[in-house]
Amino acid sequence: MNESIDDQHRLKELEKTVRILQKKLQRSEVDRTELENASELRESVLKTVIRDLEKSHTILQDRGQALETALSDLKTLQMKLVESEKMSALGIMVAGIAHEINNPVSFIYGNLDCANDYLQSLLGLIQLYQIHYPEPIATIQAEIESIDLDFLKQDSKNLFQSMRVGAERISEIVTSLRTFSRLDESDFKMADIHKGLDSTITILNTRLKPTPVNPEGIKLIRDYGITLPCINCYPGPLNQVFMNILVNAIDALDELVEQGGMPESFVPTICISTELSPLNKVLIRISDNGLGIPDNIKDKLFDPFFTTKPVGQGTGLGLAISYQIVTEKHQGRLWYDSIPGQGTVFSLELPIDQA
Amino acid sequence: MLKVVVGHSEDPESQYAVEEVLDHCRKDLCGLKPQAGILFAAIDFDYSLILDHINQAFPGIDLIGCTTDGEMSSILGFQQDSLALMLFSSDTVKISAGVGLGAKENPTLAAQQAVHQATGSDASPKVCIALPASYISDGSTTSGGEILKGLELALGNHVPILGGTAGDQYRFKSTVQFFRTEVLTNSIPILLFSGDIQVSYGTACGWTPIGQKGIVTRSKGTALYEIDGKPALEFYQRYLGDRPPTAETPLAVYDGQSDLYYMRVPNTYDADSGQINFLGDIPQQSIIQLTDINRDEIVSAAEQSFTTALARYPGTASPEAVLLFSCCCRRWLLGSRAKEEYQLVRNALSSSVPICGFYTYGEFAPLEPEGTTHYHQETFVTLLLGTNSPLEKP
């Protein structure tokens with residue numbers, strides 16, 4: 001009796017389970033179809049959102065690129081403005097000084113020979129007197145001894161020679177100043193690179209001389225190629241490049257000497273070499289045996305406004321402008337090799353004739 | 001004293017299901033007579049038979065209820081195709097039911113009818129539970145917002161309204177409401193609680209906006225005509241291609257210039273004019289955005305809703321009953337994880353507290369403790385009920 005009630009109960013439970021499972025199966029089928037539709041829908045939404053994001057990403061990238069270009073253009077423009085302002089001021093000043101010095105020097109240089117002739121004539125006259133009046137009166141004899149006439153005769157030659165050298169040196173400097181400023185030579189023309197280098201060195205001459213800190217001075221070696229032809233270039237701007245590189249080399253050597261601790265045999269040296277490259281281009285190398293360039297700033301060396309010099313001493317424009325002058329104005333190349341602690345070589349490669 | 005019990009059956013056969021549900025309830029009532037009840041039924045049951053059985057078991061009971069998109073209770077947890085019943089018995093809490101008809105055509109009048117019937121001589125209800133129709137037999141919908149306005153008008157702003165609109169298992173055709181022994185459509189059944197009743201509630205959503213924002217340039221009520229000066233459908237088509245807007249792709253509608261937003265679910269559309277009809281109103285000039293979901297965030301919103309309600313609960317004792325109203329879209333998008341919503345609430349409560357709830361087509365709840373009620377979508381609403389003189393536990 002109990003068993004049959006139990007069986008009935010179990011049967012009822014089983015029937016219920018079957019009903020529930022059937023219902024669940026029905027619902028699963030419906031749910032599955034709807035789920036498939038829903039997943040397609042969401043996929044579509046997400047795809048569109050991703051497409052939108054990609055689009056705006058590209059737009060942003062382009063905008064960023066445009067801004068970077070604009071910034072770089074602005075920097076270049078600013079650099080050019082500063083430079084042209086500076087060069088024009090410097091050029092006017094240098095030209096003015098050169099002109100003002102040139103006139104008085106001409107008087108001196110032009111009259112030196114004349115003055116020498118006068119003196120020689122007077123000395124000749126005195127000698128004639130001495131021949132014809134071998135026994136001068138006591139007063140004259142005393143004066144001859146007092147002015148040491150023999151030495152005066154002998155030394156006046158040296159004196160005039162030295163004055164001539166001095167005057168020549170002044171006119172040489174004036175010529176260099178004019179060559180450097182090249183106010184009259186901003187045009188593209190044939191020029192001798194060696195002359196440009198020499199005029200720049202002349203201007204920098206004082207910085208090569210011995211100082212209390214650097215009693216040896218800086219040794220300059222000129223290793224100019226003999227067959228180097230004149231090249232078509234902008235001589236003024238090119239001199240400025242030489243100037244910038246040489247000043248940096250001198251600064252590096254000064255810094256090293258000031259720092260001290262070098263062996264006694266060390267001689268601070270700058271070497272300028274020129275040659276005609278196999279590709280028929282002019283190759284100029286300016287090397288120093290200074291501190292070299294630290295690796296961490298190598299990438300930034302030609303960046304505008306990058307400088308390692310104390311505030312007020314460097315604009316950070318020198319090498320940037322030089323780079324621009326060489327690459328853009330002359331279609332040449334400017335690069336450097338440097339080993340920290342051993343020195344730096346700046347190399348310029350310039351075409352002889354630009355089409 | 002308030003005694004709340006639940007019954008729940010997953011038997012698809014109406015007769016067996018209602019018997020099982022009543023068995024559960026009788027066992028826990030310990031001879032007490034319930035005066036009111038809430039019934040949540042899946043779509044394929046024989047409703048008349050079920051209501052008759054309940055009325056036979058507890059003659060004259062003030063019962064309301066509706067069809068759903070899923071049922072929850074502390075007996076079987078989350079279920080679909082099931083029958084769930086919550087019964088209230090109390091000598092200190094007064095509970096009465098009312099119903100209004102013609103919810104679509106005249107929501108204000110229907111709401112007034114329901115409130116009037118339920119209030120009777122007692123004019124100081126403390127909370128209203130409403131289970132109005134959403135889809136009516138011809139496939140059109142009522143306006144949740146208008147029904148809410150009607151109820152507020154009849155009750156006054158100070159009575160919080162909680163609940164949800166009836167569902168039909170995601171078929172979006174026709175929903176059914178229950179009032180005592182009547183099976184209704186297009187109606188607003190409500191329960192009003194007064195006397196020694198303590199109430200608190202919490203809401204949370206979990207959706208996140210995605211894609212480009214747009215401005216509603218032309219809309220009226222629940223009809224959205226233009227976004228950014230172009231037909232509303234074009235905004236959707238950018239993301240969906242030729243697929244129509246559905247409940248899976250609700251809009252986030254921003255509240256003014258703030259970052260806060262509420263959800264609006266698209267319902268029907270007109271391919272020719274590009275107009276989309278939503279299940280809630282969308283104000284003109286509001287900023288809208290499509291939304292995306294993350295199931296983790298949706299599930300955790302359920303817990304957040306519950307903890308908010310619990311933190312606000314004013315009673316000196318613990319709550320004695322929990323009612324949950326969760327959006328059908330949550331159930332649908334959570335799929336196999338839908339049961340976690342109920343489970344999170346269950347785990348946070350002592351095991352003896354009865355829980356009952358359903359998946360709705362639109363939720364009613366205030367956002368703030370003393371605030372006015374809002375009509376929500378995609379939201380999880382927790383309602384806690386209790387008294388200051390709880391039943392002694394055996």
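The values are calculated or read from the model by the stated rules, or taken from the named source; none is laboratory data. Every value quoted in this text rests on a predicted model; they were computed, and no experiment measured them. Glycine gets a Cβ as well: all are built from the backbone with ideal geometry, and neighbour counts include every protein chain shown. Note: accessible area is taken over every heavy atom of the protein model, side chains too, but ligands, DNA and RNA are not part of it. Shrake-Rupley method; radii C 1.70, N 1.55, O 1.52, S 1.80 Å.
Laid out as a table, the results:
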read-out	value
Every residue from the stretch A:24-60 that is among the hydrophobic types (A, V, I, L, M, F, W, C), more than 8 Å from every other protein chain (Cβ to nearest Cβ) and either surrounded by 11 or more Cβ atoms within 10 Å (Cβ to Cβ) or in contact with a Leu (Cβ under 8 Å, 6 or more places away or on another chain) (or both)	A:Val30, A:Leu53
Residue in the stretch B:281-308 that is nearest to the chain's Cα centre (by Cα), counting only those that are buried (at least 19 other Cβ atoms within 10 Å of the Cβ) and closer than 15 Å to B:Pro245 by Cα	B:Thr291
Residue list for the stretch B:319-343, filter: of a type in the set (Ser, Thr, Tyr) and modelled with pLDDT under 90	B:Ser336
Condition met for B:Leu279 (on the phi < 0 side of the Ramachandran plot, more than 14 Å from chain A (Cβ to nearest Cβ), free of Cβ contacts under 8 Å to residues at least 24 places away in the same chain and aliphatic (A, V, I, L, M))	no
Restricting the stretch A:265-291 to residues that are open to solvent by less than 20 Å² (accessible area, probe 1.4 Å) and not in a strand (DSSP E or B), the residue that is modelled with the highest pLDDT	A:Pro268
Criterion violated by B:Lys339 - all others in (1) within 21 Å of B:His24 (Cβ to Cβ); (2) more than 14 Å from chain A (Cβ to nearest Cβ) satisfied	(2)
Hits in the stretch B:92-132 - residues which are touching a Phe, Trp or Tyr at 6+ places or on another chain (Cβ under 7 Å) and open to solvent by less than 80 Å² (accessible area, probe 1.4 Å)	B:Val93, B:Ile95, B:Ala97, B:Val99, B:Pro125, B:Val127, B:Ala130
Hits in the stretch B:144-169 (condition: in contact with a helix residue (DSSP H, G or I) (Cβ under 6 Å, 6 or more places away or on another chain) and part of a loop (DSSP other than H, G, I, E, B))	B:Thr165, B:Gly167
A:Lys16 being open to solvent by less than 100 Å² (accessible area, probe 1.4 Å), of a type in the set (D, E, K, R), in a helix (DSSP H, G or I) and under 28 Å from B:Glu248 (Cβ atoms)	no
Matching residues, the stretch B:225-268, being in a strand (DSSP E or B) and open to solvent by less than 50 Å² (accessible area, probe 1.4 Å)	B:Ile227, B:Pro231, B:Leu251, B:Ala252, B:Val253, B:Tyr254, B:Met263, B:Arg264, B:Pro266, B:Asn267
Single residue of B:Pro231, B:Pro245, B:Pro250 found to be in contact (Cβ under 8 Å) with a residue 24 or more places away in the chain, of a type outside the set (A, V, I, L, M) and within 11 Å of chain A (Cβ to nearest Cβ)	B:Pro245
Considering residues of the stretch B:344-394 that are open to solvent by 60 Å² or more (accessible area, probe 1.4 Å) and touching a Leu at 6+ places or on another chain (Cβ under 8 Å) only, the residue modelled with the highest pLDDT	B:His374
Flag if A:Asn205 is assigned to a helix (DSSP H, G or I) and buried (at least 18 other Cβ atoms within 10 Å of the Cβ)	no
Residues located in the stretch B:56-73, provided they are closer than 29 Å to B:Phe380 by Cα and not aliphatic (A, V, I, L, M)	B:Asp62, B:Gly65, B:Cys66, B:Thr67, B:Thr68, B:Asp69, B:Gly70, B:Glu71, B:Ser73
Number of positions in the stretch A:271-304 that are under 17 Å from the mean Cα position of the chain (by Cα) and in contact (Cβ under 8 Å) with a residue 60 or more places away in the chain	6
Residue among A:Asp187, A:Asp198 that alone is open to solvent by 30 Å² or more (accessible area, probe 1.4 Å) and in a loop (DSSP other than H, G, I, E, B)	A:Asp187
Any chance A:Thr175 is modelled with pLDDT under 85 and within 19 Å of A:Met93 (Cα to Cα)	yes
Which listed residue is within 25 Å of B:Ser134 (Cβ to Cβ) and among the small types (Gly, Ala, Ser), from B:Gly371, B:Gly386, B:Gly315	B:Gly371
Any chance A:Glu54 is at pLDDT 90 or above and acidic (Asp, Glu)	yes
Strands (runs of 3 or more DSSP E) lying entirely in the stretch B:170-221 (those with 3 or more residues that are more than 14 Å from chain A (Cβ to nearest Cβ) and among the β-branched types (Val, Ile, Thr))	B:208-220
Any hit, the stretch A:218-226, residues being in a loop (DSSP other than H, G, I, E, B), out of contact with any Phe, Trp or Tyr (no Cβ under 8 Å at 6 or more places or on another chain) and over 25 Å from A:Leu276 (Cα atoms)	yes
Tally, over the stretch B:6-42, of residues that are part of a helix (DSSP H, G or I) and more than 19 Å from B:Gly167 (Cα to Cα)	15
Out of B:Arg312, B:Arg337, sole residue that is open to solvent by 50 Å² or more (accessible area, probe 1.4 Å), closer than 17 Å to B:Cys205 by Cα and not small (Gly, Ala, Ser)	B:Arg337
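A quick yes/no check of all residues on (1) out of contact with any helix residue (DSSP H, G or I) (no Cβ under 8 Å at 6 or more places or on another chain); (2) modelled with pLDDT under 95; (3) open to solvent by less than 40 Å² (accessible area, probe 1.4 Å); (4) away from every other protein chain (no Cβ under 14 Å):
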position	(1), (2), (3), (4)
B:Gly7	no, no, yes, yes
B:Pro12	no, yes, yes, no
B:Gln15	no, no, no, no
B:Leu22	no, no, yes, yes
B:Ala36	yes, no, yes, yes
B:Phe45	no, no, yes, no
B:Leu49	no, no, no, yes
B:His53	no, no, no, yes
B:Pro59	yes, no, no, yes
